[in-house]
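K.L.:
Just dropping this structure here.
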Amino acid sequence: MAQPMSSASDDRAPRPGRTAVETPEHTGEPTGPAVLTRALTRDYGGGTGIFGIDLTVPRGCVYGLVGPNGAGKTTLLSIMGGTRRADSGEVVFGVDRRRVAVSTDVPEFEPWLTASEVVELAGNLVDRRLPREKVKVALHRTGLSGCGDRKAGSLSRGMTLRLGLAAALVADPELLILDEPTSALDPRGRADVLDLVASMREHTTVVFSSHILADVQRVCDHVGVVRAGRLLYQGSTAELVDTHMRPSWLVRVRGGGTELLRAFAAENWVARVSSLRPGLFRVEARSLEAGERHLAEVLSRSSARVVSVAPEESDLEAAFLSITGGPR
Ligand SMILES: Nc1ncnc2c1ncn2[C@@H]1O[C@H](COP(=O)(O)OP(=O)(O)OP(=O)(O)O)[C@@H](O)[C@H]1O
């Protein structure tokens, strides 16, 4: 695993026998999840920690782990990455354990090493004959091309985060675990890292945690929602957004449209209709199917002059609030 000096965890050494880490033999085409956890529990006391987490990360996906502060994301990723122990449960890898790389939310490096040396060292831990060119490529991919000779101790927080990423990906991991990889970055930096993550899809499985749900929605095809140490949802991002959002449409008509407003309000399939301003309504349906089936019908029965009908974009933020019942 490429994780040289970058950890801020409390207890690095997994206790033998406490967290089972299995690596199946590799024969032929790999199948099954890249990594999964079974009933993973780490109880810090006082109701904090993680409890009975069954995470399944399909191979080749970009998996986003989201949850409020203190939900247990770092604890979970640290146990998966081998830098914390679990009280019980297991982590099962479907990829070669040596090809799992981790970048923590607060990477720490020896301050006197240059950025190139940090990345080279990380690479050599995985492959002693790692071509020197790979170090340059990793620095380039993480936006640190001009910084190879700078001491790690002189880098800003955002640059240190990028250096952690470069160290993690230098040896082409099969599974990359990233804790809050965009949290310390400016908008440009965030976009760069998200593009990088998106470009790794399929040949590398990526698991990353984030507070920024727009980032997760942008690059993650799978998502896990944790709150208070428990996994509330996991599955495809699209499904999460579709099933946890009440589908809605914005309807614009010429004139006031009071008669149309009443017509919508009388329909069973309409969960709510609200007037945003004269001539503009939001129609919320009880299901996507019902809305798509009946919306046009009501419009055609009405004498209102319809200017436009547009489905409202569902987003992960709203789905997240619906699942967790509160802000993140
Ligand atoms: N070493 C520890 N000892 C005791 N409690 C801890 C320890 N590490 C974390 N916790 C507690 O466990 C809970 C989960 O923490 P964790 O850092 O895993 O959450 P998180 O989802 O990563 O939070 P954040 O988004 O704020 O980084 C929190 O209540 C935290 O205070």
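K.L.:
Which of the residues belonging to segment 38-56 are within 14 Å of the ligand (Cβ to nearest atom), in a strand (DSSP E or B) and either touching a strand residue (DSSP E or B) at 6+ places or on another chain (Cβ under 7 Å) or not assigned by TED's automatic domain parsing to the domain that holds R99 (or both)?
P.N.:
Scanning segment 38-56 gives L40, T41, R42, D43, G49, I50, F51, I53.
K.L.:
Also, quick follow-up: With the structure loaded, tell me whether R85 is within 18 Å of T204 (Cβ to Cβ) and in the same structural domain as L139 (by TED's automatic domain parsing) or whether it fails that test. Talk me through it step by step, then tell me what you get.
P.N.:
Numbers: within 18 Å of T204 (Cβ to Cβ): no; in the same structural domain as L139 (by TED's automatic domain parsing): yes.
For R85, the condition - within 18 Å of T204 (Cβ to Cβ) and in the same structural domain as L139 (by TED's automatic domain parsing) - is not met.
K.L.:
Of the residues that make up segment 39-59, is at least one closer than 28 Å to L121 by Cα and modelled with pLDDT under 95?
P.N.:
Within segment 39-59, one or more residues are closer than 28 Å to L121 by Cα and modelled with pLDDT under 95.
K.L.:
Against the conditions (1) touching a Lys or Arg at 6+ places or on another chain (Cβ under 9 Å); (2) under 30 Å from P33 (Cα atoms), where does L155 fall short? Just the number, please.
P.N.:
If we test L155 against (1) touching a Lys or Arg at 6+ places or on another chain (Cβ under 9 Å); (2) under 30 Å from P33 (Cα atoms), just (2) comes out false.
K.L.:
Another question, then. From the list V306, V273, which residue is more than 39 Å from the chain's Cα centre (by Cα) and not assigned by TED's automatic domain parsing to the domain that holds V223? Reasoning before the result, please.
P.N.:
Working: V273 fails: more than 39 Å from the chain's Cα centre (by Cα).
Step by step, each of V306, V273 is checked, and only V306 is more than 39 Å from the chain's Cα centre (by Cα) and not assigned by TED's automatic domain parsing to the domain that holds V223.
K.L.:
Separate question: Restricting to helices (runs of 4 or more DSSP H) lying wholly in segment 103-179: which have 2 or more residues that are more than 27 Å from the chain's Cα centre (by Cα)?
P.N.:
Where helices (runs of 4 or more DSSP H) fall fully within segment 103-179 and carry at least 2 residues being more than 27 Å from the chain's Cα centre (by Cα), they are 115-126, 132-141.
K.L.:
Considering only residues of segment 186-227 that are outside any strand (DSSP E or B) and within 16 Å of the ligand (Cβ to nearest atom), which is nearest to L76 (Cα to Cα)?
P.N.:
H211
The values are calculated or read from the model by the stated rules, or taken from the named source; none is laboratory data. None of these values were measured; they are calculated from a predicted model. With ideal geometry, Cβ positions are generated from the backbone for all residues, glycine too; neighbour counts draw on all protein chains shown.
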